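What follows is one structure encoded as structure tokens, with my remarks underneath.
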Amino acid sequence: MLTAKELAAERLLIEASQKDLRRFAELYERYFNRVYAFALIRTGNRTAAEDVTAETFRRALQNLSKFEWRDVPFSAWLFRIAANAITDSHRQAAHQSPLDDLPNERSQSLENGLSEVEERARLFALLKRLQKDQQRVVIMRFAQERSSREIAQAIGRSEAAVKALQFRALQNLRMWAEGG
């Protein structure tokens, strides 16, 4: 908490800054670390905290002429501006399309995910071309992760027959996948 003397000195600095915006640099220097720490705690992200801090001081400078002294530390006004900037940032992020301004990592991840989906769709299309018994064996073996013995018991065939069906199914899938 600021003493009465400190509040009076702060008031004089604010009034001087309102008359000559070059004096705002003193307010910036005095409060930068506190506003940044506030933003970092609220956002949990250094880049976001830097953006919020910059936006806070931009708005403070822009609206300094409207600031009215009310015997409350100037930092309270700055923290309110910072809180609003954080809220605005969250709203803006919520309204952005997921594909807007994707960082390279997320963009790469999205591309990989789409490739994987396309690959799976292609695999399912190829699976549909298999004979019903081969389809069933491949699905049970690889999708359901069952052993050859479990599959043999489930479909009423020998384990050797299941292995033969799996071998022929994989051969067909490989040939079709290579364009044959």
Out of region 162-180, which residues are farther than 16 Å from Ser147 by Cβ and free of Cβ contacts under 8 Å to residues at least 12 places away in the same chain? Gln171, Arg174, Met175, Glu178, Gly179, Gly180
I'd like to verify a number: residues in region 138-169 that are within 40 Å of the chain's Cα centre (by Cα) and at pLDDT 90 or above, how many? 1
Is at least one residue of region 108-129 assigned to a loop (DSSP other than H, G, I, E, B), modelled with pLDDT under 90 and not hydroxyl-bearing (Ser, Thr, Tyr)? no
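The values are calculated or read from the model by the stated rules, or taken from the named source; none is laboratory data. Quantities reported herein were computed from a predicted structural model and do not represent experimental measurements. Neighbour counts run over all protein chains shown; Cβ positions are idealised from the backbone, glycine included.
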